[in-house]
Each structure stands twice: as C-alpha cells, then as structure tokens.
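Only one structure is covered here, and it is reproduced in the block below.
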Amino acid sequence: MRSKYIAFLLAGMLTLSLLTACHAPDPTVSGTEPSASQGEQEPAPGKTGEIIQTDAPQQGQLPDASQQGQLPQDSGEAPGKEPPAQEEPTQEVIPPQEKPVEEEIPPQEKPRPSSNHTLYILMYHHVIDGDESRCNDWTTTTQRLREDLQWLKDHGYTTLLPSELTSGAALPEKAVLITFDDGYASNYQLAFPLLQEFQAKAVISMIVRRTVDGKPDFLTWDMCREMTDSGLVEFGSHTYDFHGNDPRGIQRMSGESRKAYEERIFSDINESIQLIEENVGRPVRFFAYPHGQTEPWANDFLREHFDVTVTTQHGAADTSDGFYDLPRYNINPKQPVSKYLPD
Ligand SMILES: [Zn+2]
C-alpha cells in the first residue's frame, strides 16, 4: 500500500510538474482543448494575412466609403464594395443634370424685345445769340435751345447718337435724336457749350464743301474734331456740294440716265464721307437728305453707306422697320420741343 501510495504521489507530482512547466501562468486554462486550438491558430496570422490581403482592397475602399460617411448600413454588411459603387454614379449624375439647367437660363433671359420703337428726331440748323425776331424757320436762339434741352431733361428724355441707335440695344422709353443740318459754325460756338452743359448728344450733317472752302459761317475741321472728342457729337453727310439753291437736292434730273445719275451723285457723297472720316477720324454712318428730298435710285447706295438717313417730313419716327428715311420735327422759337413731344 505504501509503495502504491508513493508511486501515486510520484505520478501525481510528475503530472503536476509537467503541467506546471507548460502552463504555469494560467493554470485554469491548462489542460483545456482551446490551448491546442490556439496553437493551431498561431500560423493563422498567415491565413488571416491572406484574408487581410484579400480584404485589403476592400478596406482600402472602406475609408473612402466611411469618409463619405453616409452609408453606415452598407459599410457594415458589405464592407467596401457596394457603397462606392453606388455613390460614384450618383456623384457623376448630378453635374450633368445641373449643367443643362444652367445652359437653359441665358436663352430665357435673352429675348427682351424692345417695347419702344418711337424716336423723336429734332431738326435744328443755325443758332444765334440774340433776339427771336431775327430768326426764320431754320434758326433758333441760344435761349430757346437752352429751354429745349432743359425741357428734354425735365421730362426724362434720353438723347442718342446715330451710332447708339443702331448698336442693337433697345431704345430708351423717351428717345431723342438731336440733329443740326448744314454745319454752321454756330453749332460749335453757341450750341456745343449747351450740349456740354446738359450732356446732350447731337449729330451734325455737314455740307462738306463749305468747310473745305473755309467759308466763315461754317465749321472748321478743328471745331469738328473738338466736338467729336467730347463724345457728344457725331458727324453725318449732307452731301459734298448738292445743297445749293436747287431744291431737288440729290434727286435725278429730267432725262438723266441712271449711269449718269450715279456718277454725278454717288461720287459727291463718297467724297463727303471720305473727307469727314479723314479729318474727324470717325466713320460716317448718318445722312441727311438735302432739302429732305429722297431719290429711289439712291436707296441701295445710301443703305450700303449709311445706317441712318433722315428727311424733313414732319412727325415722330417709327424705327420698327429700320432707320432709313426717318421724319423729323423742325424746331425753332415758334415751334419749341414742348410743342411736339409728349410730356
Ligand atoms: Zn440743309
């Protein structure tokens, strides 16, 4: 019995020592299967490494998905793959939807047809600084011109240059074109200071030969340049020399051939355009018919060379059909602007 007991004790001690040697830190776990299974899992880092590698691209995508951060359900169940696949298309779709919307806006804003096609064209000629009794139908005084400009200002009228009329912009509601015919020096000496004072714009149609010949009552080129530089005045043609006593102006003569007519008239008008442009430095796009007389044979030529032509017919101009052969109001002390234009 004693030897059995000793052998039992020895066996027990041997077992205990063996167990203690293997699992001293954690006796409670010792002897359980998990310790063996843990041992098998040790190499598993290689396997888990493989898993990680296969997951790595997915995890690489996960941060993106998690940064985008709006699909917690997808990122939990199907890490990585679906969230980006779903989000990317939606991000790509949005801009194409927005762009067409932006492109559609400008065409909707563009069509803004002008509701106003009425242009009031005022016709002046000579200006004097003195008594009204010295005025004829083609003359006004500085005092009357001042009153006209003041009236236009007080009633909200906008004065325009010929180049502004045909720029394509809509006419202001109360649009006025101030014209001076013949090219008198008084336009510079007396009218121009008033145009500057009121910042009113005007077009002066010259009988060019009178300036070329240096006639004392007519504009010099220096005067023309100074007025042009102000930005308030443009110059038009009133022909080079077809504004004498013959009231027909540029109309054809009895029995005149078309070829002879064109040579006679067109060369004159061409010369007026060339001289004004050479001396003033601006294109000439405005023509006032001498004595207001139109001529069908000149229509094509005038439309080719000018943007605006005016007659002496009385009335307001309707520009809905263009800017040719427009009527005017002759203004003088007996017929001030306030007599014709609406308040
Ligand atoms: Zn004239």
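The values are calculated or read from the model by the stated rules, or taken from the named source; none is laboratory data. Keep in mind that this is a model prediction, so the values were computed, not measured. We place every Cβ from the backbone using ideal geometry, glycine too, and count neighbours over all the protein chains shown.
Annotations for the structure displayed:
- Restricting attention to the stretch 228-243 and to residues that are in contact with a helix residue (DSSP H, G or I) (Cβ under 9 Å, 6 or more places away or on another chain) and in a loop (DSSP other than H, G, I, E, B), the residue that is nearest to E164 (Cα to Cα) turns out to be L232.
- Test for Y188: is it within 39 Å of the chain's Cα centre (by Cα), buried (at least 17 other Cβ atoms within 10 Å of the Cβ) and either part of a loop (DSSP other than H, G, I, E, B) or among the small types (G, A, S) (or both): no
- Counting only residues that are among the polar types (S, T, N, Q) and more than 16 Å from the ligand (Cβ to nearest atom), the stretch 132-188 holds 10 of them.
- Every condition in (1) away from the ligand (no atom under 16 Å from the Cβ); (2) hydrophobic (A, V, I, L, M, F, W, C); (3) within 32 Å of the chain's Cα centre (by Cα) is met by L275 except one, and the failing one is (3).
- Exactly one residue out of H117, H125 is within 16 Å of the ligand (Cβ to nearest atom) and either charged (D, E, K, R) or surrounded by fewer than 22 Cβ atoms within 10 Å (Cβ to Cβ) (or both), and it is H125.
- Scanning the stretch 285-300 for residues that are more than 13 Å from the ligand (Cβ to nearest atom) and aromatic (F, W, Y) yields F286, W297.
- Among the residues of the stretch 321-333, those that are modelled with pLDDT of 95 or more and on the phi < 0 side of the Ramachandran plot comprise F323, Y324, L326, P327, R328, Y329, N330, I331, N332, P333.
- Within the stretch 311-335, tally of residues that are out of contact with any helix residue (DSSP H, G or I) (no Cβ under 7 Å at 6 or more places or on another chain), in contact (Cβ under 8 Å) with a residue 40 or more places away in the chain and under 12 Å from Y120 (Cβ atoms): 7
- Within the stretch 134-181, being of a type in the set (D, E) and either assigned to a helix (DSSP H, G or I) or more than 30 Å from the chain's Cα centre (by Cα) (or both) holds for D137, E147, D148, D154, E164, D181.
- Residue check for R248: surrounded by fewer than 20 Cβ atoms within 10 Å (Cβ to Cβ), of a type in the set (D, E, K, R) and within 16 Å of the ligand (Cβ to nearest atom): yes
- Residue that is nearest to the ligand (Cβ to nearest atom), among those in the stretch 201-222 that are assigned to a helix (DSSP H, G or I) and under 10 Å from G183 (Cα atoms): R210
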